[in-house]
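Notes to accompany the following structure.
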Amino acid sequence: MSTTSTLDRSAIADLSARFTGALLLPGDSGYDEARRIHNGLIDKHPALIARCLGTADVVDAVKFATAHGLEIAVRGGGHNVAGKAVCDNGLMIDLSRMKGIHVDPERRTVRAQGGVTWREFNRATQLHGLASTGGVISTTGIGGLTLGGGLGWLMGMHGLALDNLLSAELVTASGDVVRASEKDNADLFWAVRGAGANFGVASWLEYRLHPVGPVTSGLVAHPFAQAREVWQFFREFTTSLPDEVSAFAGLLCAPDGSGTRLAAIIACHAGPLAEGEAALRPLKQFGSPVLDVIQPTTYEATNMMLDGAFPVGALNYWKSSFLGELSDAAIDTMITRFGTSPSAMSSLLVEHVHGAVTRVGVSETAFPHRREGYNFLVVSEWDNPGDNARNIAWARASYDAMQPHYGPGRYVNYLEKDETGDAVRAAYGPNYDRLRSLKSRYDPGNVFHLNQNIPPGS
Ligand SMILES: Cc1cc2nc3c(=O)[nH]c(=O)nc-3n(C[C@H](O)[C@H](O)[C@H](O)COP(=O)(O)OP(=O)(O)OC[C@H]3O[C@@H](n4cnc5c(N)ncnc54)[C@H](O)[C@@H]3O)c2cc1C
């Protein structure tokens, strides 16, 4: 493996002569800013950062890395908590300046470059009253989120982000540019929808769009002492939801910095406002909320309403698994664990999955989790590096305490850096073996391995 000290300077000069973006070496102005990602716990130093502006830059970067024996990390939005977007001593292919977005309002499609975030995506598509399922937070990248799944406010109506993917332009391990769609390289397209980071760099992604907005969305919060009743009500509320509603439950602290613990339900109805008002009315009428901000609003505002809880650079350690069921015992365990949380920035979340997501077959895409149910997520977030050990230990202990309540599946986009092997297998379930064999075909040397890795194999 090459490192900065052994990297051939004349080779970098050759690359630089034709590169449109920027090549950043340690010590260069902008290098430290470029190597930083969302999770402040990740502090890695690539030998070279290739800040690409287009597909040709990505091709040159992949070829340069393979020619010089450099590991490749690919940065989309940089949100992956496991820190897969950056590496030590390798080549970081940084897509964060690739911001092209072309909306076709007639065909209701959009093509967006791999460095776009959901905020940018929504801004461009909402000009035409259109949207596609994106993440719950607007600062997440479309790249990693779509290639691994994509749970969001529109999923009940329109499926996961990856269910709306029409095609991807991929730079493969050999540096070729290929199109993956139902018609072109269909097996690659299957793999890209759930395990995309293993198969290449998606320089462009094309999505189906839907008319969306205005919407009804927001949050109701109750005192922590009522958490059990609130979450039992959430379970009942989510048993018969129309596709238009997506709803999550959270044990979290008030955003005013007081550290007051709350039990919240956060929901979005993406259909007509009158229907939204009726569908979300039970949330407003249950108990005596201390906070109720459910109201008609825009889809863009909905996608940004929780951004403040996830500041860039905060320290993060997450754990997650799909639940077998949201039983009273599971609820009680979450409440007990949240009562011991050492940080007012942390939360325990349950994401309800239903509707269009569950009408796709388990093996229609590489993403197999198509059963109606709940995903449990420990968001351990804090801001003082001196508290690292305490907050990581809390996340692990909370995750372990919930073991009796897990189903078999894990969501690949939430896996932590210390979760490999069995965890990745659980993320792909019955699709894992087919993915291994496709990996052998498209990336036999495992060039793209700084991800939730699927090793080549038959
Ligand atoms: C605050 C926060 C909120 C989140 N909310 C949601 C949510 O609502 N729904 C949800 O489903 N998930 C959510 N996630 C998880 C999210 O899906 C993953 O973190 C995802 O990996 C982020 O994608 P990214 O492009 O921002 O990240 P990155 O860290 O840049 O990339 C993640 C992985 O994808 C690869 N990758 C990224 N872009 C490309 C590309 N263009 N081509 C090839 N590989 C690429 C990277 O190499 C890496 O392996 C959230 C995460 C955070 C931190």
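The values are calculated or read from the model by the stated rules, or taken from the named source; none is laboratory data. This is a predicted model, so every value here is computed, not measured. Reconstructed Cβ throughout: ideal geometry from the backbone, glycine too, with neighbour counts over all protein chains shown.
Identify all residues within the range 400-418 that are away from the ligand (no atom under 16 Å from the Cβ), touching a residue at least 60 places away in the same chain (Cβ under 8 Å) and not in a loop (DSSP other than H, G, I, E, B); write none if there are none. Within the range 400-418, Ala401, Pro404, His405, Tyr406 qualify. All conditions but one from (1) in a helix (DSSP H, G or I); (2) surrounded by fewer than 19 Cβ atoms within 10 Å (Cβ to Cβ); (3) in contact (Cβ under 8 Å) with a residue 12 or more places away in the chain; (4) over 19 Å from the mean Cα position of the chain (by Cα) apply to Leu435; the one that does not is (2).
Of the residues making up the range 351-371, those that are closer than 18 Å to Gly135 by Cα and of a type in the set (A, V, I, L, M, F, W, C) are Val353, Ala356, Val357, Phe367.
Among the residues here, Val424 does not qualify as within 15 Å of the ligand (Cβ to nearest atom), of a type in the set (A, V, I, L, M), at pLDDT 95 or above and outside any helix (DSSP H, G or I). In the set (1) within 12 Å of the ligand (Cβ to nearest atom); (2) more than 18 Å from Gly175 (Cβ to Cβ), the condition left unmet by Pro46 is number (1).
One residue is enough: does the range 166-174 have a residue meeting the conditions under 20 Å from the mean Cα position of the chain (by Cα) and β-branched (Val, Ile, Thr)? Among the residues of the range 166-174, not one is under 20 Å from the mean Cα position of the chain (by Cα) and β-branched (Val, Ile, Thr), which makes the answer no. Here Ala254 meets each of (1) closer than 17 Å to Pro289 by Cα; (2) crowded, with 24+ Cβ neighbours inside 10 Å; (3) among the aliphatic types (A, V, I, L, M) with one exception, condition (2).
Among the residues of the range 97-120, the ones that are within 12 Å of the ligand (Cβ to nearest atom) and within 25 Å of His354 (Cα to Cα) come to 3 in all.
I'd like to verify a number: residues in the range 332-373 that are touching a residue at least 60 places away in the same chain (Cβ under 8 Å) and assigned to a strand (DSSP E or B), how many? Counting residues in the range 332-373 that are touching a residue at least 60 places away in the same chain (Cβ under 8 Å) and assigned to a strand (DSSP E or B) gives 7. Report yes if Val379 is of a type in the set (A, V, I, L, M), under 23 Å from Leu262 (Cα atoms) and under 20 Å from the mean Cα position of the chain (by Cα), otherwise no. For Val379, the condition - of a type in the set (A, V, I, L, M), under 23 Å from Leu262 (Cα atoms) and under 20 Å from the mean Cα position of the chain (by Cα) - is met. Does any residue of the range 77-84 turn out to be modelled with pLDDT of 95 or more and away from the ligand (no atom under 12 Å from the Cβ)? No, that holds for no residue.
Within the range 355-401, being of a type in the set (D, E, K, R) and closer than 24 Å to Arg425 by Cβ holds for Glu364, Arg370, Arg371, Glu372, Arg396, Asp400.
Could you list, in sequence order, all residues of the range 395-410 that are of a type outside the set (Lys, Arg) and surrounded by 19 or more Cβ atoms within 10 Å (Cβ to Cβ)? Residues satisfying the conditions are Ala395, Ser398, Tyr399, Met402, His405, Gly409.
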